[in-house]
1. Any idea which of 120, 90, 135, 139 is surrounded by fewer than 21 Cβ atoms within 10 Å (Cβ to Cβ), more than 21 Å from residue 164 (Cα to Cα), among the acidic types (Asp, Glu) and in contact (Cβ under 8 Å) with a residue 12 or more places away in the chain?
2. What tally of residues in region 109-121 results from selecting those that are assigned to a helix (DSSP H, G or I), more than 13 Å from residue 99 (Cα to Cα) and either among the small types (Gly, Ala, Ser) or within 8 Å of the chain's Cα centre (by Cα) (or both)?
3. Scan region 199-223 for residues that are touching a residue at least 40 places away in the same chain (Cβ under 8 Å) and over 19 Å from residue 158 (Cβ atoms) and jot them down.
4. Return the residues of region 214-228 that are under 17 Å from residue 182 (Cβ atoms), among the aliphatic types (A, V, I, L, M) and within 22 Å of the chain's Cα centre (by Cα); say none if nothing qualifies.
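All of the numbers you see were taken from the coordinates with simple rules; none came from a lab. This is a predicted model, so every value here is computed, not measured. Positions of Cβ are backbone-derived with ideal geometry, glycine not excepted, and every protein chain shown enters the neighbour counts.
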Amino acid sequence: MSDTDDLRAASRALKDAISGLSRALGQGLADVGADVGREIATELNDAAAELSRELAGASGAARARRAARTTKAEQTRADLLGAARSVFAEHGYEAASVADLAKAAGYTKGALYAHFSSKEELFVTLVREANDASESGLEDPTLPLGEPGPGEHGLADVMLSLEAYLYALRHPEARPAFVPMAEKSLRNLAGRVRYLRAGTVGEPTRDDLDTAMALAACWTVGGIMEQLLPPAWDVAGALDRIGERLAGDAPA
C-alpha cells in the first residue's frame with residue numbers, strides 16, 4: 001500500500017468515526033449517555049491521531065495500528081451480531097432493547113451505535129447476513145433438493161426466521177429490505193425443482209415457483225413442529241417425503 005493510500009485510509013477512518021458519532025447523537029444524549037465519551041470519542045481520537053501520523057510520514061507504524069484497529073472493529077461487529085442473534089431469538093425483536101443487545105455482547109450502547117445506527121439496522125443486517133449464509137452456493141440449480149431438517153437448523157434459527165417474518169409484517173416500511181431476500185430464496189429453490197424435474201438448467205415454470213413456495217411453507221412450519229412434537233412424529237422424515245412428492249409431481 002502506498003503512502004497516498006495510507007493517507008486516504010486514515011482520512012476514511014476519521015470520517016467513519018465522525019459518522020459513528022453522528023449516529024450516536026441522533027439517538028439522543030439521554031439514551032447514549034456516557035457511552036459517547038468512552039466509545040465514540042475514543043474512535044475519533046484514534047482516527048485523528050492516525051491521520052496526524054500519516055501526515056507526519058509514519059506510514060509503516062500507522063498501517064500496523066490501523067490493521068489492529070480494523071481487526072478490533074470487525075470483532076466488535078461480529079460480537080454484536082452474534083449476541084443479537086441470541087437475544088432476538090429468545091426475547092423477540094419488539095421486546096429486545098438496545099441495552100439488552102449491547103450487554104449480551106459485552107459492550108456499551110455507544111459501541112453498538114458506532115457500528116449500527118439503530119436496533120432496526122442491527123436486526124435487518126443480522127437477517128440479511130443469515131440469509132446470505134444459508135443461500136450461499138444455492139444459486140447452482142444442480143444441487144440436491146434436500147433442505148437440512150429443522151432439527152439441524154436449531155431453535156435459534158427457527159425463532160430468528162419467524163422474527164424476520166413478523167418484523168416485515170409489522171413494519172411495512174421495512175419490507176423492501178426483505179422482498180429481495182424472499183425472492184432470491186424462492187427462485188433458487190424453484191431452479192433446483194426445475195432441474196430435478198426436467199434434468200436441464202432452465203427458467204423455472206410457474207408450477208416450479210408454486211412448488212418452491214409450497215416447499216418453503218412446509219419447511220417453515222416443519223421447523224416449528226420439530227421443536228414441539230415428540231420424536232415419534234419424525235418431522236424431518238415427513239418433510240423429506242413431502243418434498244420428494246411435491247418436487248416429483250410435475251404437471252402433465
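1. Details: 120 fails: more than 21 Å from residue 164 (Cα to Cα); 90 fails: more than 21 Å from residue 164 (Cα to Cα); 135 fails: more than 21 Å from residue 164 (Cα to Cα).
Exactly one residue qualifies, and that residue is 139.
2. Filtering region 109-121 for residues assigned to a helix (DSSP H, G or I) gives 109-115, 119-121.
Subsequent filtering for residues that are more than 13 Å from residue 99 (Cα to Cα) retains 114-115, 120-121.
Then drop every residue that is not either among the small types (Gly, Ala, Ser) or within 8 Å of the chain's Cα centre (by Cα) (or both), which leaves 114.
Adding up the residues that qualify gives 1.
3. So in region 199-223, the residues touching a residue at least 40 places away in the same chain (Cβ under 8 Å) come out as 201, 207, 215, 219-220, 222-223.
Scanning region 199-223 gives 201, 207.
4. Within region 214-228, the subset under 17 Å from residue 182 (Cβ atoms) is 214-221, 223.
In the following step, the residues that additionally are among the aliphatic types (A, V, I, L, M) were identified as 214-217, 221.
Of everything in region 214-228, those that are under 17 Å from residue 182 (Cβ atoms), among the aliphatic types (A, V, I, L, M) and within 22 Å of the chain's Cα centre (by Cα) turn out to be 216, 217, 221.
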